[in-house]
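K.L.:
Below you will find the structure I want to go over with you.
The values are calculated or read from the model by the stated rules, or taken from the named source; none is laboratory data. All values reported here derive from a predicted model rather than from experimental measurement. Because the Cβ atoms are built from the backbone with ideal geometry, glycine has one as well, and the counts that use them run over all protein chains shown. Side chains included, ligands, DNA and RNA excluded: accessible areas come from the protein's heavy atoms. Shrake-Rupley method; radii C 1.70, N 1.55, O 1.52, S 1.80 Å.
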Amino acid sequence: MTSARVARAAFVVLATAMVLTPGVSPFARSRKPAPEVPAYQPPAPAKAVGLPDRMLADAAAYEGYLLRTTATTPAGFVNGAAVALALKSAAAYEPRVLVRGEIAYGAVAALQNQTFVAQVRAAGNSPENRKLMVDYIMHDPGYPFRFQGSDAAAGLVKEALGGAGLRLYATGKIVKQSAYDVQHQAWSREEIADRAGRLASTEAAAAQGVEPAAERAAILQRAAAGAETLPITASPAQPPYTPLIARAMQLAAIAALGEADNDAYDQLAAFAADVDTDACLHMAKLNLYQCLAVAKPHYEDIFCMGQHVLMDTGACLARGVGVDLPPEPLPIPPVKASAPAQHHKRHARSS
């Protein structure tokens, strides 16, 4: 057998062996290995529902201010010092900060409606969707109202904020009336010793802002996350919605998506504002300072507090969410003397 025939026979034997051997291809050396297919990764789940810690602190400070001021009672007005202390405490809010806390508290109220929360979270089913939705929410006040349950959530906002405003307004009416009733007490008619100092201390207290309320912040944190329920019930609110309600709903929608974390506080704090309510509160403060500038006896300070701190502030908060103030009673007309009485007077003069 020639060498050529030997080589051909060896090639045939080798090729046959490769074909018959399981798992071995005669073309194995010429093929590239198949690329590895990465395992399926589901979209990252949304973060928990909630608001930034500092924003919850804003909401708690707002709530604490309302609870404190609506507890004001004329029974505590026993001397000029007590009046000055109550006035300083009630006036201690900065309008912009109070509005921010009000909107944050309204957002917590809206998050009590689980249908609204669930619908928003269902739509934000991927990081990309959530990012787009936050952009829509920030730029379109009407966007949160596309979701089922939004009318019921807006009703909770309106009740939570408007109801508190009405209670503050009612407290102010009682305090204002006491400015007349207290005048039978000698101390109330005494002139304020340091009028300029009293005005300056009141203005300074207002500039410092609302007192913090850490114990309430923890409660609101649980309420925002759905672990606790705020004692608020309300019927669904129908449009049109005020800008303040819309802001609270926008903030609530971002919180429902899990995108309102602590890193977002500065952006959300700047967003939580309402021009009309802020202007109304600034006007209330201006009227208060003008009232105090001319007030002399202590009972006039009580009047200034009742009208311009409590009533005016309560009216701003209520009107900001579209709640009407209670109608004022019609004035009682003067009683005219009857004809027989007039005749009696003429008879008395002639006799």
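K.L.:
Looking at Gln250, Gln221, Gln208, can you tell me which residue is of a type in the set (S, T, N, Q), within 17 Å of the chain's Cα centre (by Cα) and over 26 Å from Gly322 (Cα atoms)? Let's see the steps before the verdict.
P.N.:
Numbers: Gln250 fails: over 26 Å from Gly322 (Cα atoms); Gln208 fails: within 17 Å of the chain's Cα centre (by Cα).
Sole residue among the options that is of a type in the set (S, T, N, Q), within 17 Å of the chain's Cα centre (by Cα) and over 26 Å from Gly322 (Cα atoms): Gln221.
K.L.:
Output the residues belonging to the range 263-283 that are among the aliphatic types (A, V, I, L, M), more than 23 Å from Pro52 (Cα to Cα) and loosely packed, with under 15 Cβ neighbours inside 10 Å. So that I can check it myself, show each step before the final result.
P.N.:
Filtering the range 263-283 for residues among the aliphatic types (A, V, I, L, M) gives 264, 268-270, 272-273, 275, 279, 281, 283.
Remaining after also requiring more than 23 Å from Pro52 (Cα to Cα): 279, 281, 283.
Ala279, Met283 - these are the residues of the range 263-283 that are among the aliphatic types (A, V, I, L, M), more than 23 Å from Pro52 (Cα to Cα) and loosely packed, with under 15 Cβ neighbours inside 10 Å.
K.L.:
Right, here's the next one. Of everything in the range 107-122, what is assigned to a helix (DSSP H, G or I) and of a type outside the set (A, V, I, L, M)? Give them in sequence order. Please lay out each step first, then the result.
P.N.:
Pass one, the range 107-122, residues assigned to a helix (DSSP H, G or I): 107-110, 114-122.
Scanning the range 107-122 gives Gln114, Thr115, Phe116, Gln119, Arg121.
K.L.:
Return the residues of the range 123-168 that are in a helix (DSSP H, G or I) and at positive phi; say none if nothing qualifies.
P.N.:
First, pick out the residues of the range 123-168 that are in a helix (DSSP H, G or I): 123, 127-139, 143-146, 150-168.
The answer is none; no residue qualifies.
K.L.:
Right, something else. List the number of the failed condition for Gly101; all other conditions in (1) of a type outside the set (A, V, I, L, M); (2) free of Cβ contacts under 8 Å to residues at least 40 places away in the same chain; (3) crowded, with 18+ Cβ neighbours inside 10 Å hold.
P.N.:
The one condition Gly101 does not meet is (2).
K.L.:
While we're looking at this one, here's another question. Pick out the one residue from Ala46, Ala71, Ala84 that is in contact with a Lys or Arg (Cβ under 8 Å, 6 or more places away or on another chain), open to solvent by 20 Å² or more (accessible area, probe 1.4 Å) and part of a loop (DSSP other than H, G, I, E, B).
P.N.:
On the way: Ala71 fails: in contact with a Lys or Arg (Cβ under 8 Å, 6 or more places away or on another chain); Ala84 fails: part of a loop (DSSP other than H, G, I, E, B).
The match here is Ala46.
K.L.:
Right, another one. Within the range 177-196, which residues are in contact (Cβ under 8 Å) with a residue 24 or more places away in the chain and open to solvent by less than 70 Å² (accessible area, probe 1.4 Å)?
P.N.:
Ser178, Ala179, Val182, Gln183, Trp187, Ser188, Ile192, Arg195
K.L.:
Okay, next question. Of the conditions (1) closer than 30 Å to Met55 by Cβ; (2) assigned to a helix (DSSP H, G or I); (3) at pLDDT below 95, Leu199 clears all except one; give me its number.
P.N.:
(1)
K.L.:
Please name all residue pairs, on different chains or six or more residues apart, with Cβ atoms under 6 Å, provided the first residue is in the range 255-279 and is aromatic (Phe, Trp, Tyr) and the second residue is open to solvent by 40 Å² or more (accessible area, probe 1.4 Å).
P.N.:
Sorted first by the residue in the range 255-279, then by its partner, the pairs are Tyr265/Arg54.
K.L.:
For Leu132, work out the one condition from (1) touching a Phe, Trp or Tyr at 6+ places or on another chain (Cβ under 9 Å); (2) at pLDDT 95 or above it doesn't fulfil.
P.N.:
Condition (1) is where Leu132 drops out.
For (1) modelled with pLDDT of 70 or more; (2) of a type in the set (Lys, Arg); (3) in a helix (DSSP H, G or I), each residue gets a yes or a no:
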{"residue": "Ala9", "(1), (2), (3)": "no, no, yes"}
{"residue": "Leu14", "(1), (2), (3)": "no, no, yes"}
{"residue": "Gly23", "(1), (2), (3)": "no, no, no"}
{"residue": "Arg29", "(1), (2), (3)": "no, yes, yes"}
{"residue": "Lys32", "(1), (2), (3)": "no, yes, no"}
{"residue": "Leu66", "(1), (2), (3)": "yes, no, yes"}
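K.L.:
Only one of these is at pLDDT 95 or above, among the hydrophobic types (A, V, I, L, M, F, W, C) and open to solvent by 50 Å² or more (accessible area, probe 1.4 Å): Leu251, Leu286, Leu325. Name it. Spell out the reasoning first.
P.N.:
Numbers: Leu251 fails: open to solvent by 50 Å² or more (accessible area, probe 1.4 Å); Leu325 fails: open to solvent by 50 Å² or more (accessible area, probe 1.4 Å).
The conditions single out Leu286.
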